[in-house]
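To start, the structure under review is shown below, and the notes come after it.
The values are calculated or read from the model by the stated rules, or taken from the named source; none is laboratory data. Just so it is clear, the structure is predicted and the values come from calculations on it, not from any experiment. For neighbour counting, all protein chains shown are included, and Cβ atoms are generated from backbone atoms with ideal geometry for every residue, glycine included. Protein only, heavy atoms only, side chains kept; ligands, DNA and RNA dropped before computing areas. Shrake-Rupley method; radii C 1.70, N 1.55, O 1.52, S 1.80 Å.
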Amino acid sequence: MRAAVRLLRDMTDQDLLSEIASGNLGGLGILFDQYEADIRRFIGQLGVRPAEVDDLVQMTFLDVPHAAASFDGRSAVRSWLFGLAAMVVRRHRRTLGRLAANLVAWARQPIRELPNAGERFEIHEEAARAERALSRLSQKKREVFVMVELEDASGKDAARALGIPLATVWTRLHHARRELRQYLAEEGS
């Protein structure tokens with residue numbers, strides 16, 4: 001083991017990347033030890049918040065095994081790692097931008113009034129009644145009804161997903177609707 005580490009330590013940076021690209025991740029620790037401080041400083045100079053620097057340094061080195069095969073030797077490994085770190089920072093900022101946009105959109109949504117106790121009871125009772133009616137359907141009719149009516153799947157998608165002909169979907173859906181109306185009418189009386 002120590003001999004293997006010694007061999008890796010004697011390799012050039014380019015050879016280490018070749019080893020990493022071929023699946024030998026032992027060289028990754030050596031590259032980290034050698035360049036972590038440089039990558040940390042680089043990321044910090046890109047204006048990243050200090051609390052995020054550690055994570056982005058780690059993400060950069062975690063990307064090395066996937067990106068090592070793309071190293072073409074036209075630049076120094078250190079510069080190549082800077083490029084990788086820059087991509088990690090850009091990806092991080094895009095994620096933060098999407099999160100911020102989602103938060104702004106959520107904050108702009110109008111506030112809906114919550115139902116009062118009586119309305120909540122009625123909603124609960126209607127849901128329980130619908131669930132009881134659904135439970136009375138056969139499994140095959142229930143699958144089709146839930147997919148098409150409740151989950152908005154197309155008839156074709158339901159047929160493919162369930163492995164049945166499209167005509168069978170429509171037949172089961174027709175019977176499910178009729179039975180549900182009947183069950184709900186019985187419960188209402």
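Within region 138-189, the only residue that satisfies the criterion of being buried (at least 16 other Cβ atoms within 10 Å of the Cβ), among the small types (Gly, Ala, Ser) and within 20 Å of Glu126 (Cα to Cα) is Ala176.
Checked against the criterion of being in a helix (DSSP H, G or I), open to solvent by 50 Å² or more (accessible area, probe 1.4 Å) and either among the basic types (Lys, Arg) or within 16 Å of Asp15 (Cα to Cα) (or both), the candidates Arg78, Arg74 yield just one match: Arg78.
Among the conditions (1) more than 20 Å from Leu17 (Cα to Cα); (2) under 24 Å from the mean Cα position of the chain (by Cα); (3) open to solvent by 20 Å² or more (accessible area, probe 1.4 Å), the only one that Gly47 does not satisfy is (2). Here Glu187 passes the criteria (1) in a helix (DSSP H, G or I); (2) in contact (Cβ under 8 Å) with a residue 24 or more places away in the chain; (3) within 35 Å of the chain's Cα centre (by Cα) except the one numbered (3).
Yes/no matrix, rows are residues, columns are (1) among the aliphatic types (A, V, I, L, M); (2) at pLDDT 85 or above; (3) in a helix (DSSP H, G or I); (4) more than 22 Å from His174 (Cα to Cα):
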| residue | (1), (2), (3), (4) |
| --- | --- |
| Leu114 | yes, no, no, yes |
| Phe121 | no, yes, yes, yes |
| Arg132 | no, yes, yes, no |
| Glu149 | no, yes, yes, no |
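Listed by first and then second residue, the pairs linking a residue in region 96-121 that is open to solvent by less than 100 Å² (accessible area, probe 1.4 Å) to a residue that is outside any loop (DSSP other than H, G, I, E, B) and of a type in the set (Val, Ile, Thr), with Cβ atoms under 8 Å apart and 6 or more places separating them unless they lie on different chains, are Pro115/Ile123.
The condition of being open to solvent by less than 60 Å² (accessible area, probe 1.4 Å) and free of Cβ contacts under 8 Å to residues at least 60 places away in the same chain holds for Phe42.
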